[in-house]
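To start, the structure under review is shown below, and the notes come after it.
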């Protein structure tokens, strides 16, 4: 298990600001969190090196780029040996449409969040990842009809 990083008040201010908008320059961020630019730069660097900040990305609206169908998919494997679980995770990681992959318990072995253009694209993905994979025993998919909340922020 990863060691927890102890956050102080400045770390929290920086993280809360970056989670809302990571496009600020260092000078803007420093002003927003009320520290000098060198202090801010050093702290952001420390948070990155410690793995607290994993990466900074742009969040794309799926409707604007033609990825309109969201599926939440439960996967149960036939054999749950560690190497078989790892094998499925590696296959899922190679699929660009798989946005998130979680090992879960109890219940299914995995829950995937999938973003595709349409139902034919989902069927193609299901064939590649689920039906042609001999160790997949059960697939249960839920298709989103409306996204009422989407957030990437973690309360810190």
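Laboratory data are not the source of any read-out in this text; all were calculated from the coordinates shown. This structure is a prediction, so every number in the text was calculated from the model and none was measured. Using ideal geometry, Cβ is built from the backbone for each residue, glycine included, and neighbour counts are taken over all protein chains shown.
How would the range 15-92 be classified by its alpha-carbon gyration tensor: rounded, prolate or oblate, with rounded meaning a/c under 1.5 and the a/b versus b/c comparison settling the rest?
Details: a/c = 4.48, a/b = 1.88, b/c = 2.39.
It comes out oblate by the Cα gyration axes.
What is the range 1-59 by shape, rounded, prolate or oblate, if you read a ≥ b ≥ c off the alpha carbon gyration tensor as root eigenvalues and call it rounded for a/c under 1.5, prolate for a/b larger than b/c, and oblate otherwise? Mind dumping the intermediate values first?
Working: a/c = 1.88, a/b = 1.31, b/c = 1.44.
Since a/c reaches 1.5 but b/c is at least a/b, the shape of the range 1-59 is classed as oblate.
Say each of residue 148 and residue 36 gets a label point 7 Å from the Cα, pointing the same way as Cα to Cβ; how far apart are those two points in nm?
4.9 nm
Where the centre of each part is set by its Cα atoms, how far does the range 95-156 sit from the range 39-77, in angstrom?
Cα centroid of the range 95-156 versus Cα centroid of the range 39-77: 16 Å apart.
Over all directions, how big on average is the projection of the convex hull of the alpha-carbon atoms in the range 1-141, in square nanometres?
Numbers: hull surface 43.3 nm².
Taking the Cα atoms of the range 1-141, their convex hull projects to 10.8 nm² on average.
Which angle between 0 and 90 degrees, to the nearest 10, do you get for helix 9-20 versus the longest principal axis of the chain when only C-alpha atoms count?
50 degrees
Could you list the residues of the range 93-133 with an amide nitrogen less than 14 Å from a label point located 7 Å from the Cα of residue 85 in the Cα-to-C-beta direction?
102-111
Return the FRET efficiency for the residue pair residue 23, residue 95: r is the Cβ-Cβ distance, R0 is 30 Å, and the value is rounded to the nearest 0.05. Write down the numbers at each step before the final one.
Numbers: r = 29 Å, r/R0 = 0.96.
Given R0 = 30 Å and the Cβ-Cβ separation, E is 0.55.
Using only Cα atoms, figure out Rg for the range 48-94 and give it as a multiple of 2.2 N^0.38 Å. Display every interim value, and only then the final one.
On the way: Rg = 16.1 Å, N = 47, 2.2 N^0.38 = 9.5 Å.
Normalised Cα radius of gyration, the range 48-94: 1.70.
With the Cα gyration tensor of the range 62-143 in hand, give its eigenvalues times 5 under a square root as the equivalent ellipsoid semi-axes, listed largest first in whole angstrom. Intermediate results must be reported in sequence, preceding the final value.
Working: eigenvalues 98, 29, 25 Å².
Sorted largest first and rounded, they come to 22, 12, 11 Å.
How far is helix 82-94 tilted off the main Cα axis of the chain, in degrees rounded to 10, range 0 to 90?
70 degrees
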